[in-house]
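**Student:** Starting off with a structure, shown below.
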């Protein structure tokens, strides 16, 4: 009987450890510096294995210099929310005497909620704006160009290695925030109520280049035209475009603009005189394999202009 109880207990411990690795939780910890016999009490919302050290710059630098002198012990684990984690940390910090701050402890203060600016909505917006402005100033400076180049190279490397855009699970709350941010960016509307999302089609869609002239150079326009040549538009896409444009009437001014921005003879001749490699031709041939011509054609080739 004792054997089965022991087996059940071990299974419960394994199950709890697996759950703790999968989801985030809060815990209060204490670090001990054996060289100076100094301590640090703090809390963290995450997991014990996520590599978090502490929020104290003083202690963090000391640990980086002397990693073998520090040991961490978990005082309390909290599974409810971050506020309860802070309250538990405050309970442990209240046991520290005022004269021990900065001497026996790396902690400089005992008030946890002084540094929890993200709990106050006004402070959160103010600090977020300051961080955003500081980052923008960095990107606009000469050093920012070097940062952009490094990010670009790292992204290309991750893309080639297949490590970028790796799917990972997101919570429903994260999905909701991403969706609302996307809708705000497209429609320029604040969504305080989720029911508004049903009526989102009534709002105009704002394009970044609407009303702007000379956004693209002639070279860029030619490249876009060449890249669109040979592209297949399926019946499903054609039906969507038809439904969107159904009932719309173009003014004479719009018709004249379309005529004005038609490709020139020079551009059309460039498209006709493009020399493609045999490998590219084989790819096009495989892509068009099985598509019937005439009435049974599944798509229309773009790049052909009627006079």
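The values are calculated or read from the model by the stated rules, or taken from the named source; none is laboratory data. Keep in mind it's a predicted model, so treat the numbers as computed, not measured. When we count neighbours, we look across all protein chains shown, and the Cβ atoms used for this are built from the backbone with ideal geometry, even at glycine.
**Student:** Within segment 57-70, can one find any residue that is farther than 24 Å from residue 99 by Cα and part of a strand (DSSP E or B)?
**Tutor:** no
**Student:** Give just the number: which of (1) at pLDDT 80 or above; (2) in a loop (DSSP other than H, G, I, E, B); (3) within 24 Å of the chain's Cα centre (by Cα) does residue 96 not satisfy?
**Tutor:** Result: residue 96 passes all but (3).
**Student:** Filtering segment 237-264 down to residues that are under 26 Å from residue 288 (Cα atoms) and surrounded by 10 or more Cβ atoms within 10 Å (Cβ to Cβ), which residue is modelled with the lowest pLDDT?
**Tutor:** Step one: filter segment 237-264 for residues under 26 Å from residue 288 (Cα atoms), giving 237-242, 263.
From what is left, the residues that are surrounded by 10 or more Cβ atoms within 10 Å (Cβ to Cβ) are 237-241, 263.
On the way: 237: 87, 238: 86, 239: 88, 240: 86, 241: 84, 263: 76.
Among those that are under 26 Å from residue 288 (Cα atoms) and surrounded by 10 or more Cβ atoms within 10 Å (Cβ to Cβ), it is 263.
**Student:** Out of (1) closer than 15 Å to residue 44 by Cα; (2) in contact with a helix residue (DSSP H, G or I) (Cβ under 7 Å, 6 or more places away or on another chain), what's the single condition that is false for residue 92?
**Tutor:** Condition not satisfied by residue 92: (2).
**Student:** Between a first residue in segment 124-139 that is farther than 18 Å from residue 114 by Cβ and a second residue that is in a helix (DSSP H, G or I), which pairs have beta carbons less than 6 Å apart while being 6 or more apart in sequence or on different chains?
**Tutor:** 138/144
**Student:** In the same structural domain as residue 41 (by TED's automatic domain parsing), modelled with pLDDT under 85 and either exposed (fewer than 14 other Cβ atoms within 10 Å of the Cβ) or on the phi > 0 side of the Ramachandran plot (or both) - does that describe any residue in segment 99-112?
**Tutor:** Checking segment 99-112: at least one residue is in the same structural domain as residue 41 (by TED's automatic domain parsing), modelled with pLDDT under 85 and either exposed (fewer than 14 other Cβ atoms within 10 Å of the Cβ) or on the phi > 0 side of the Ramachandran plot (or both).
**Student:** Sticking with this one: Which one of these does residue 271 not meet: (1) touching a helix residue (DSSP H, G or I) at 6+ places or on another chain (Cβ under 8 Å); (2) modelled with pLDDT under 75?
**Tutor:** Result: residue 271 fails condition (2) only.
**Student:** Moving on to the next point. Filtering segment 152-169 down to residues that are surrounded by 11 or more Cβ atoms within 10 Å (Cβ to Cβ) and out of contact with any helix residue (DSSP H, G or I) (no Cβ under 6 Å at 6 or more places or on another chain), which residue is modelled with the lowest pLDDT? Outline the logic, then answer.
**Tutor:** Taking segment 152-169 and keeping what is surrounded by 11 or more Cβ atoms within 10 Å (Cβ to Cβ), we get 154-159, 164.
From what's left, out of contact with any helix residue (DSSP H, G or I) (no Cβ under 6 Å at 6 or more places or on another chain): 154-159.
Values: 154: 84, 155: 80, 156: 81, 157: 80, 158: 75, 159: 71.
In this case the residue turns out to be 159.
**Student:** Limited to segment 265-279, what total is found for residues that are under 41 Å from the mean Cα position of the chain (by Cα) and within 15 Å of residue 219 (Cα to Cα)?
**Tutor:** So the answer is 4.
**Student:** Specify which of the listed residues (148, 123) is at pLDDT 80 or above and surrounded by 10 or more Cβ atoms within 10 Å (Cβ to Cβ).
**Tutor:** Within the list 148, 123, the selection yields 148.
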